[in-house]
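Enquirer: One structure, as structure tokens, below. Some questions next.
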Amino acid sequence: MPAYMISDVNVINAERYEEYLAAISEAVRNYGGRYLVRAHETKVLEGTWNPARVVVIQFDSMAEAEKFYSSEQFLSARALRQNVAMVNMILAEGV
């Protein structure tokens, strides 16, 4: 069953964020992930959640997503994100 990594990203330093994007995109590809959403523009339909940027990455399973999340490649990319972006992230199993 596929799994979806869903992130709400607030970029603080756009120039340095580009370095992170290059690193994370390569890591996603290497672990079989596929970007489904990379939205800079969102519209609130209900509730109070107002994300700055939404990213949804699909993996083949929760196990594959967790391998990606704990990989050295992701950890290295995540280090580039420090003081560059604030991120809320969840992993959800789906159909």
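The numbers here are math on the coordinates, done by the rules we state, and not lab data. The model shown is predicted, which means the values in this text are computed figures rather than measured ones. Counting neighbours? That spans all protein chains shown, and the Cβs are built from the backbone with ideal geometry, glycine included.
Enquirer: Who wins for biggest fluctuation among VAL56, VAL28, VAL44 in a Gaussian network model of the chain, springs between alpha carbons below 10 Å?
Expert: Answer for the Gaussian network model of the chain: VAL44.
Enquirer: Between ASN13 and THR48, 0.36 nm times their residue separation minus their Cα-Cα distance comes to what? All intermediate terms of the calculation are to be shown ahead of the outcome.
Expert: Values: separation 35, 0.36 × 35 = 12.60 nm, distance 2.48 nm.
Once the chain is fully extended between ASN13 and THR48, it gains 10.1 nm.
Enquirer: Compute, for the chain, the length of the dipole vector about the Cα centre, with Cβ point charges of +1 (Lys, Arg) and -1 (Asp, Glu) only. Units Debye, rounded to 20.
Expert: Value, rounded to 20: 120 debye.
Enquirer: Looking at the range 2-95, which GluC sites (Glu not before Pro) are DSSP coil and have at most 13 other C-beta atoms within 10 Å of their C-beta?
Expert: Passing both the DSSP loop test and the Cβ count: GLU41, GLU46.
Enquirer: Given only helices, namely DSSP H runs of n ≥ 4 each adding -39500 (n - 2.57), what is the per-residue ellipticity at 222 nm of the chain, to the nearest 500 deg cm²/dmol?
Expert: -12000 deg cm²/dmol
Enquirer: I'd like the Karplus ³J(HN,Hα) series for the range 31-42: coefficients 6.51, -1.76, 1.60, θ = phi - 60°, whole numbers in Hz, and an x wherever there's a Gly or Pro.
Expert: 9, x, x, 9, 5, 9, 9, 9, 9, 8, 10, 10
Enquirer: Out of these labelled values of Rg and Dmax of the Cα atoms in Å, [x] 13.3, 40; [y] 13.2, 38; [z] 22.1, 69, which was calculated from the coordinates shown here?
Expert: [y]
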